[in-house]
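Below is one structure, written out as structure tokens; the observations come after it.
No lab work stands behind these numbers, since they all come straight from the coordinates. Every value quoted in this text rests on a predicted model; they were computed, and no experiment measured them. Cβ: placed from backbone, ideal geometry, glycine included. Neighbour counts: every protein chain shown.
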Amino acid sequence: MKDVRYIRKEKGVSPVIATILMVAITVVLAATVYIMVSGYMTGVSTTNVQVSFTKVQNSEYNYTLNIVKITGAPSKGILWKDITIKLTNGTAVISQQVTLSSGKFHAESGGTVVHIIDGPTSSPDGKIGPEDIIYVQAGSGAEFQLLYKGSVIGDVQFP
């Protein structure tokens with residue numbers, strides 16, 4: 001009997017095609033991981049932060065602003081040092097970053113005054129919050145703004 005052997009030709013994928021496939025798979029995996037992780041990398045948008053006040057008129061040009069609520073703030077809170085105040089009263093303008101000293105801040109210009117007390121005087125925390133009080137002395141038509149990273153987060157008009 002005749003010995004018949006089948007010769008099988010085993011062909012693989014060429015090295016060029018194999019390299020292209022490996023690169024394509026790597027790109028797809030990297031894109032998938034990026035999409036999954038990118039949701040964790042987004043920060044809090046400053047435009048979502050809002051501060052609500054109650055305004056009490058103490059005398060003709062003296063007001064007390066009590067911070068009632070802060071919405072959209074990062075979980076760690078907002079530090080007063082990251083806040084800029086702006087008080088416009090005709091030609092008198094106060095535009096200054098808040099720097100607390102013993103839990104207090106004071107700025108004035110041309111008869112316009114802003115005084116901030118950080119929470120209970122016994123334990124200031126350096127963060128803007130509902131226990132903080134802002135005293136404003138400003139004339140009629142003045143506007144007070146709190147800015148966080150360049151965005152207005154609180155705004156009060158005085159009659």
Matching label, Rg and Dmax of the Cα atoms in Å computed from the structure shown, candidates [x] 31.1, 122; [y] 15.5, 50; [z] 15.3, 47: [x]
For 55, 127, which order do you get if you count the other beta carbons within 10 Å of each Cβ and list the fewest first? 55, 127
Neighbour net charge for residue 134 - beta-carbon separation under 13 angstrom, K R +1, D E -1: -1
Please state the relative contact order of the chain as a whole percent: Cα pairs under 8 Å, 6+ residues apart? 21
Under Karplus coefficients 6.51, -1.76 and 1.60, residue-wise ³J(HN,Hα) of the range 138-152 in Hz, glycine/proline x: 8, x, 4, x, 6, 10, 10, 9, 9, 10, 10, 6, x, 9, 6
Local net charge near residue 92, Cβ-Cβ under 13 Å (Lys/Arg +1, Asp/Glu -1): -1
Computed over the chain: longest principal axis from alpha-carbon atoms vs helix 15-38 long axis, angle to nearest 10 degrees, is 20
Mean Cβ count within 10 Å, highest first, over the residues of peptides 19-29, 58-68, 78-88: 78-88, 58-68, 19-29
